[in-house]
Amino acid sequence: MRHAPRTAVELAAAVRAGNATAAEAVGEAFLRIRQADSLHAFLSLREEAAREEAAAVDRRIAAGEGDELLLAGVPVAVKDNIAVAGGPTTCGSRLLQHYVSPFDATAIAQLRAAGAIVVGKTNLDEFAMGSSTENSAFGPTRNPHDPTRVAGGSSGGSVAAVAAGCVPLGLGSETGGSVRQPAAFCGAVGVKPTYGRVSRFGLVAFGSSLDQIGTIGATVDDAALLLSVVAGPDPKDATSATEPVGDLAAGLEEADPAGLRIGWPAEYFGAGLEPAILAACEAARDRLADAGAEIVDVSLPHSPYGIAVYYTVAIAEASSNLARYDGVRYGHRATAADLTSMYLKTRAAFGAELKRRIMLGTYVLSAGYYEAFYGKGTAVRARIRGDFERAFERVDAILSPTTPTPAFPIGEKADDPLAMYLNDVYTVSANLAGIPAISLPWGRTPATADRPALPIGIQLMGPDFSERRLFEVGRFLERESPDA
Amino acid sequence: MREPAAPAGAWEPVIGLEVHVQLATASKIFCGCATAYGAPPNTQICPICLGYPGALPVLNAGAVELAARAALALGCEVHPRSIFARKHYFYPDLPKGYQISQYDRPLATGGALAIRLDDGSAKSIGITRVHLEEDAGKSTHGADGTRVDFNRCGLPLIEVVSEPDLASPREAFLYLSALKRSLEYLAVSDCNMEEGSLRCDANVSLRPRGESRLGTKTEVKNVNSFRYVEAALAFEIERQAAILERGEAVVHETLLWDAGRGEARAMRSKELSHDYRYFPEPDLEPLDLDAAWLAEIREGLPEGPAARADRFVEAYGLPEYDAGVLTATRPLADWFEAAAAAFDDPKEVSNWVMGEVLRLANERGETVALAPEPRPLAPAALAQLLALKAAGTISGSVAKEVLAEMVETGTGAAEIVRERGLAQVSDAAALAAEVDAVIAAHPGEVAAFRGGKQGLIGFFMGQVMKRTGGQANPQLVNALLRQKLAG
C-alpha cells in the first residue's frame with residue numbers, strides 16, 4: 001500500500017489525479033479505525049457501503065468524470081445525529097438504538113455528490129446534549145491524547161476520529177460549542193458556521209434555533225474544504241441562508257493579517273481560565289500583532305449571561321424537539337397496557353441528562369413561567385447578539401479561548417451538571433448570536449505530575465458569513481502555532 | 001330545530017364559534033404529500049409529516065395565499081408579519097408531539113361576516129382572528145384498539161374564530177352557512193363536511209338578559225354538521241339554564257357532542273387540561289407578507305355571495321328571493337349569469353333555473369346546475385329552449401318535456417323539437433278547420449257556452465289540443481274558439 005496522503009486536500013487531489021484511489025483511502029481508514037477502537041469514537045461502521053461507494057468514485061474518476069469531486073475518495077466520520085439513509089442514526093440514545101433513517105441529510109447528499117465516503121457514524125452525548133460524550137447511552141469516547149480523559153462533546157466521536165488520524169474529516173453538530181469544545185480538547189480544527197450556512201435538514205434537532213452542522217479537520221484548509229462542500233441554501237430547510245457561499249477554501253495560505261482589526265474581549269479572560277490557555281491566547285494575539293494586525297479591546301458585556309440564556313433557550317427547544325420520541329411510529333417502544341403507561345415507560349429510556357433537560361425545558365415554557373424564563377432568555381439573547389454587532393463595527397474578528405480548561409478526566413464532572421455546563425462558557429455566545437466561530441489548536445498545557453501535556457484550543461469569532469475571513473486568520477495562526 | 005325551552009328565556013345565550021377549514025391545496029402545508037380525500041390509510045405520508053428525526057417543515061405558499069384570500073374576504077386585517085408557534089400535547093395522531101399553529105401573532109385579525117336573520121334583517125358577526133395551522137392525523141377507536149391514519153396529518157387548515165356575537169343556535173347555523181358559502185365562493189376550501197374539511201367547535205355561555213358580563217362558558221368540540229351544531233347548542237343552553245336556575249355554577253369544561261344520543265358529554269375539565277406550552281416555531285421564519293402582494297390578492301378576490309345577490313337584484317331586476325337562491329353557490333350563480341347573458345329575460349331564466357333546472361339537478365343527485373358530466377346542460381342550451389318558447393314554436397309544457405330530454409340525452413332543444421315534431425301548429429287555416437270540427441261535434445256544449453257557461457272554453461281548448469296532439473298554438477286556438485263560438 002502506498003503511503004496515504006495526510007490531509008483531505010492532498011488526498012482528494014491525489015485521487016482525482018489517479019495517484020491514489022478512493023478504495024485505498026477507505027481501506028486505510030478502516031484499518032486506522034480498528035487500531036483506534038479503544039477510543040470508542042464510532043458507534044457504527046458502513047464498511048460494505050463505503051467500499052462500494054469508493055469503487056463507484058474510482059470508476060467515475062477512471063471515466064474522466066472526477067474533476068469536480070472536491071472530496072474525491074475522502075473518508076468522513078459523521079456524528080450519529082446526522083441522518084445517513086439506510087443505516088442507523090441513534091443519536092447516542094436507547095430511544096433510537098434500532099432506528100434506520102429512510103433519508104439522507106442534505107449535508108450527506110452534498111458529501112456524496114462531492115465524492116466523499118461516509119465510513120461510519122460517531123459517538124455523541126445523547127441527542128447532542130452534553131460536553132464530554134459521557135452522556136452517550138453507549139459509553140464515552142476517549143481522548144486520543146490521554147484515554148483517561150474525555151474527548152469533549154457532544155461531537156466527541158467525530159473529533160476523536162479526526163484527531164486520532166482515523167479519517168481526515170468529520171462532521172459534527174453545534175448547539176453551544178459541541179464541535180469547538182471537543183476540537184480544543186483533542187487538538188483539531190472545529191468550525192461552527194453562521195446559523196443557516198449549512199442545511200439542518202437531516203440533523204436531528206436539539207435546540208433548533210441554535211443547531212448548526214459543523215466541520216472538523218486536522219487542518220484549517222481541510223475543515224474549510226469540508227464546509228465549502230456542505231454549505232449553501234437548501235429548499236428543505238426554511239432557516240437555511242440564501243447568502244452566496246463563495247470560495248471558502250482556496251488560497252487561504254496567501255492571506256495576510258496585516259491591517260486586520262482583531263478584537264480582544266475582556267470578559268473572556270476572567271476568573272476560571274487556566275493560565276496556560278490565557279498564555280496561548282496572548283501568544284496568538286502577539287503573532288497577529290507582529291504580522292501587522294491591529295489588536296482592539298472590545299467589550300461583550302452580556303457575555304456573563306450566556307450560559308444562563310443558553311441553558312434556558314436550548315432546553316426549552318429540546319423539550320419540544322424530544323416530544324416526538326413517543327414510541328408510536330419508530331424507535332424504541334416499551335410494552336405497556338395503556339397509552340399513558342406506554343409513553344411513560346418508553347420515555348423512561350432517556351438518560352438522566354435528557355430527563356433533566358426535558359423537565360427544565362418543559363418548566364420554562366409553562367404558562368406562568370414562560371415570560372420569566374423563555375421570554376427573558378430570548379430578550380437577553382438579542383442583547384448578546386447586539387454586543388457582537390457593536391463589536392464587529394470596530395473589529396473584523398474576535399480572538400478568545402475556546403474552553404477555560406483542557407480535557408478533564410472521564411467521570412470528573414459527570415455528577416455535577418453545573419460544572420459541566422460551565423465548559424461552554426466561551427462557546428455558547430456564538431450560537432446564541434448565530435455568528436460563525438472556529439477553534440484551532442495552539443500548543444499544549446505544560447505536563448505536570450498528575451496531568452500530561454494536553455491540547456489547547458483558541459477561538460476566532462466573526463460577523464455573519466465571515467467564515468472565509470476566520471479561515472484566513474486561522475490559517476495564519478496555524479502556521480505560527482507552537483504545533484507547526 | 002329546537003329553541004331552548006323556558007326557563008331559558010330568562011337567560012341570554014352568548015355563542016362564539018371556532019371553525020377549522022381545510023384549504024384546497026394539492027399538497028400538505030409543510031411537505032409535498034398529496035391531500036386527496038379517501039386514499040387508503042397511511043399512503044399520503046412522508047418523513048416530514050410523520051415527524052421523523054431530522055425532518056423539517058417548509059411552508060406551502062399556496063396555503064398562505066388561500067388563507068390570505070379567506071381573511072381578506074372576511075374583512076380582516078392581514079398582518080405583514082405573523083409567527084408560527086408550536087402547540088404541545090401528546091397524542092398518537094400528533095407525530096411531533098406538537099402542532100404547528102399560530103398563537104399570539106396570527107395571520108389576520110378583526111373581520112366581520114354579515115348574516116341575514118329569519119326576519120330579513122342583517123347582523124354583522126365579528127371575526128376575532130384567522131390563523132394557519134396543520135391538521136393532526138385521524139384516530140379510529142375500535143374494539144381491537146385504536147388505529148391512526150396519518151394521511152390527514154399536515155393538511156393545511158385555517159381556524160376562523162368568531163366573536164361571541166351569536167345569540168342563538170339558529171344564528172350559529174346561519175353564520176356557519178354564510179361562512180361556508182363565502183369560502184366556497186373564494187375557492188379557498190371545498191367545505192365538504194362529510195370529508196371533514198369544515199369542522200366546528202362552539203363556545204357557549206349564558207347570562208341574565210340585559211347583563212353585559214359574560215357567564216362561564218363551555219366548549220362543545222368537533223361537531224361535524226351544521227344541524228348538529230344547532231342541536232348541540234340548544235342542548236347545552238338548556239343544560240346550562242337548568243344549572244343556573246338551580247342556583248348552581250356552570251363548570252368551565254369541554255364537551256363532546258354525541259349525535260346518536262343527542263347529548264353533549266364532558267370531555268375534560270379545563271383546569272385539568274393541557275398547558276400547550278406555545279413558543280415560536282424555530283424551524284420556520286416569521287411569515288412576512290408583502291403589502292403589494294396582499295393588495296394583488298385583495299383585487300383578485302371574487303365577488304362574494306352577498307354582493308352578488310345585491311347585483312342580481314340591481315342588474316337583472318330579480319326579486320331578492322330569486323337572487324338569494326341563485327347565489328347559494330358560485331357555480332349556480334355563474335350558470336345563471338351565463339344563461340341570462342344568452343337570453344334577454346332574466347326573470348324568465350331565473351324561473352326556469354330555480355324551477356325545472358334545479359328540480360332536474362336534484363333528481364339526478366347533482367348539487368349544482370347540471371354542471372357535472374356526463375351530460376352537462378349548458379346555459380346556452382337553456383337559452384335556446386327559452387327562445388323557442390318565446391317565439392311560440394313550443395308551449396311551456398312542451399318546453400319542460402324538451403328540457404327533461406335535453407338533460408337525459410344531451411341533445412339540443414331545436415333538434416328535439418324538430419325530430420319529435422313538437423313545433424306548435426300556428427297555421428290559422430288548419431287550426432280553424434280543427435276548431436270547426438270540435439264545434440260541430442259538441443252542439444250541447446256550444447249551446448251551454450252561448451248560454452253563459454264561459455268556463456267551457458277550457459273544454460273546447462282541450463278538445464282541439466287532443467285533435468292536434470297538443471301541438472296547437474294555444475293563444476291562436478283560444479282566439480279562434482272565441483271568435484267562432486261567439487258567431
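The values are calculated or read from the model by the stated rules, or taken from the named source; none is laboratory data. The shown structure was predicted, so the numbers you read here are calculated from the model rather than taken from an experiment. Virtual Cβ from ideal backbone geometry, glycine too; neighbours counted across all protein chains shown.
If the condition is being over 10 Å from the mean Cα position of the chain (by Cα) and buried (at least 22 other Cβ atoms within 10 Å of the Cβ), then the stretch B:160-188 contributes B:Val160, B:Ser162, B:Leu166, B:Pro169, B:Ala172, B:Tyr175, B:Val188. Could you tell me which residue of the stretch A:111-135 is surrounded by the most Cβ atoms within 10 Å (Cβ to Cβ), considering only residues that are more than 16 Å from the chain's Cα centre (by Cα) and among the hydrophobic types (A, V, I, L, M, F, W, C)? This residue is A:Ala116.
Does the stretch A:384-394 contain any residue that is at pLDDT 95 or above, buried (at least 18 other Cβ atoms within 10 Å of the Cβ) and closer than 30 Å to B:Lys87 by Cα? Yes - at least one qualifying residue is present in the stretch A:384-394. In the stretch A:315-326, the residues that are at the interface with chain B (Cβ under 8 Å from one of its Cβ atoms) and touching a residue at least 60 places away in the same chain (Cβ under 8 Å) reach residues that are of a type in the set (S, T, N, Q) and outside any helix (DSSP H, G or I) with C-beta atoms within less than 7 angstrom, at least six apart or across chains, in these pairs: A:Glu317/A:Ser208; A:Glu317/A:Ser209.
Would a scan of the stretch A:221-228 turn up a residue that is in contact (Cβ under 8 Å) with a residue 60 or more places away in the chain and assigned to a loop (DSSP other than H, G, I, E, B)?
The answer is no; no qualifying residue exists.
Filtering the stretch A:350-359 to residues that are surrounded by fewer than 20 Cβ atoms within 10 Å (Cβ to Cβ) and either in contact with a strand residue (DSSP E or B) (Cβ under 8 Å, 6 or more places away or on another chain) or more than 13 Å from every other protein chain (Cβ to nearest Cβ) (or both) leaves A:Ala352, A:Glu353, A:Lys355, A:Arg356.
From the list B:Gly110, B:Gly54, B:Gly75, the lone residue that is at positive phi, assigned to a loop (DSSP other than H, G, I, E, B) and away from chain A (no Cβ under 14 Å) is B:Gly75. In this structure, does B:Ala328 turn out to be assigned to a loop (DSSP other than H, G, I, E, B) and not assigned by TED's automatic domain parsing to the domain that holds B:Val204? It is true that B:Ala328 is assigned to a loop (DSSP other than H, G, I, E, B) and not assigned by TED's automatic domain parsing to the domain that holds B:Val204. In the stretch B:287-309, is there at least one residue being exposed (fewer than 13 other Cβ atoms within 10 Å of the Cβ), within 14 Å of another protein chain (Cβ to nearest Cβ) and out of contact with any helix residue (DSSP H, G or I) (no Cβ under 8 Å at 6 or more places or on another chain)? Yes, the stretch B:287-309 contains at least one residue that is exposed (fewer than 13 other Cβ atoms within 10 Å of the Cβ), within 14 Å of another protein chain (Cβ to nearest Cβ) and out of contact with any helix residue (DSSP H, G or I) (no Cβ under 8 Å at 6 or more places or on another chain). Applying a threshold of 8 Å to beta carbon distances and a minimum spacing of six or more residues, or different chains, the list of pairs starting in the stretch B:352-365 at a residue that is in contact (Cβ under 8 Å) with a residue 24 or more places away in the chain and ending at one that is of a type outside the set (A, V, I, L, M, F, W, C) reads B:Met354/B:Asp322; B:Glu356/B:Lys400.
Once the stretch A:198-220 is narrowed to residues that are part of a loop (DSSP other than H, G, I, E, B) and more than 23 Å from A:Leu365 (Cα to Cα), the residue that is farthest from the other protein chains (Cβ to nearest Cβ) is A:Thr219. Checked against the criterion of being touching a residue at least 24 places away in the same chain (Cβ under 8 Å), of a type in the set (Val, Ile, Thr) and closer than 23 Å to B:Gly38 by Cβ, the candidates B:Val161, B:Val148, B:Val78, B:Val130 yield just one match: B:Val148. For the residues A:Asp58, A:Asp67, the requirement of being among the charged types (D, E, K, R) and assigned to a helix (DSSP H, G or I) singles out A:Asp58. Scanning the stretch A:365-421 for residues that are closer than 22 Å to A:Ala453 by Cα and either of a type in the set (Asp, Glu) or part of a loop (DSSP other than H, G, I, E, B) (or both) yields a total of 11.
Out of (1) surrounded by 13 or more Cβ atoms within 10 Å (Cβ to Cβ); (2) touching a residue at least 40 places away in the same chain (Cβ under 8 Å); (3) more than 14 Å from chain A (Cβ to nearest Cβ), the odd one out for B:Asp283 is which? That leaves (3) as the condition not met.
Hey, among the residues in the stretch A:299-314 that are surrounded by fewer than 22 Cβ atoms within 10 Å (Cβ to Cβ) and of a type in the set (A, V, I, L, M, F, W, C), which one's nearest to the other protein chains (Cβ to nearest Cβ)? The residue in question is A:Ala308.
Taking the criterion of being touching a strand residue (DSSP E or B) at 6+ places or on another chain (Cβ under 8 Å) and more than 10 Å from chain B (Cβ to nearest Cβ), the residues of the stretch A:69-83 that qualify are A:Leu71, A:Gly73, A:Val74, A:Pro75, A:Val76, A:Ala77, A:Val78, A:Lys79, A:Asp80.
Quick check: anything in the stretch A:45-64 touching a residue at least 24 places away in the same chain (Cβ under 8 Å), crowded, with 24+ Cβ neighbours inside 10 Å, of a type in the set (Gly, Ala, Ser) and away from every other protein chain (no Cβ under 14 Å)? The answer is yes; a qualifying residue exists. Scanning the stretch B:121-178 for residues that are modelled with pLDDT of 95 or more and on the phi > 0 side of the Ramachandran plot yields one hit, B:Gly154.
Restricting attention to the stretch B:6-38, the residues that are in a strand (DSSP E or B) and either in contact with a Leu (Cβ under 6 Å, 6 or more places away or on another chain) or farther than 21 Å from B:Pro57 by Cα (or both) total 12.
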